Ligand SMILES: [Zn+2]
């Protein structure tokens, strides 16, 4: 389990396990001859992708950023993606029960980012974290509700609508400091309203950058996933992110990297982006 301190805060990577993604979809327009040197696919062209949530212990509050795939996937999707469902076990290993989580932040509402928001109990769908407030951008939720041809499959309302109905989920409008040292910032590209989470304590910063830079293999601004709705905006958002994160030495947390959950992005020789490990 990856764990570090950031000022007064403690950060722990808590994984829901790994799932399958198609290598071509994961690396978009990048030729396979290039990406397969970094990540080797299986005979069905699949890669193992991580499902990294980040637990932030501030000393007063326990904050969980992202909740993986969960355990409610329909049979067919569970066969395609796998349904690892390890988040609660790993949370337990980190010393916490679901009741201990005070805040859950979803960067966006694709099924592989908010699956453990809820669980089935009998014929009901209820909050996995009974004492938590959940936060997501309002326009992200609005987009999911449209159920568009392109991405309806990614938006499964049982992951969030029961929480809106019982008042546990709060919809946000734009950038905001949720509590001291925990802010959300919208970076358009993957979706129009995906938010990253910026964590700051003792003059140090970390950022859960989510699908703007899904793995350490996606540092190059042009290595954009085919899933992204607005690839040109992904490029602009990455440039903006690097303009802050590189000079200020932010610890970048990668959602879908099963090997390297975090690191410091640096500019090396010939302007190449590289990663330094904490
Ligand atoms: Zn996504």
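Values in this text are rule-based calculations from the coordinates and carry no lab data. Keep in mind that this is a model prediction, so the values were computed, not measured. Methodologically, a virtual Cβ is constructed for each residue, glycine included, from the backbone with ideal geometry; neighbour enumeration extends over all protein chains shown.
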Give me the distance in nm between label points sitting 7 Å out from Cα along the Cα-to-Cβ direction at residue 161 and residue 145, one decimal. 1.1 nm
Gained length - residue 77 relative to residue 264, 0.36 nm times residue gap less alpha-carbon distance: 63.9 nm
For the chain, Kirkwood radius (reciprocal of mean inverse C-alpha pair distance, Å): 18.8 Å
What value, in deg cm²/dmol to 500, does the helix sum -39500 (n - 2.57) over DSSP H runs of n ≥ 4 give at 222 nm once divided by the residues of the chain? -5000 deg cm²/dmol
If contacts are Cα pairs under 8 angstrom and at least 6 residues apart, what is the relative contact order of the chain in percent? 17 percent
Could you check the spin-label model distance between residue 2 and residue 175? Points 7 Å from the Cα along Cα→Cβ, value in nm. 2.5 nm
Separation in nanometres of the label points that stand 7 Å from Cα toward Cβ, at residue 100 and residue 154: 3.3 nm
Considering only the chain, what is the antiparallel percent among its DSSP beta bridges, to the nearest 5? 75 percent
Report the extension gain between residue 271 and residue 34 in nm, rounded to one decimal, defined as 0.36 nm multiplied by the number of residues separating them, less their alpha carbon distance. 83.4 nm
DSSP bridge pairs, segment 119-278: antiparallel proportion in percent, nearest 5: 75 percent
Relative to the present Cα-Cα distance, how much length would full extension add between residue 121 and residue 230 at 0.36 nm per residue of separation? 35.5 nm
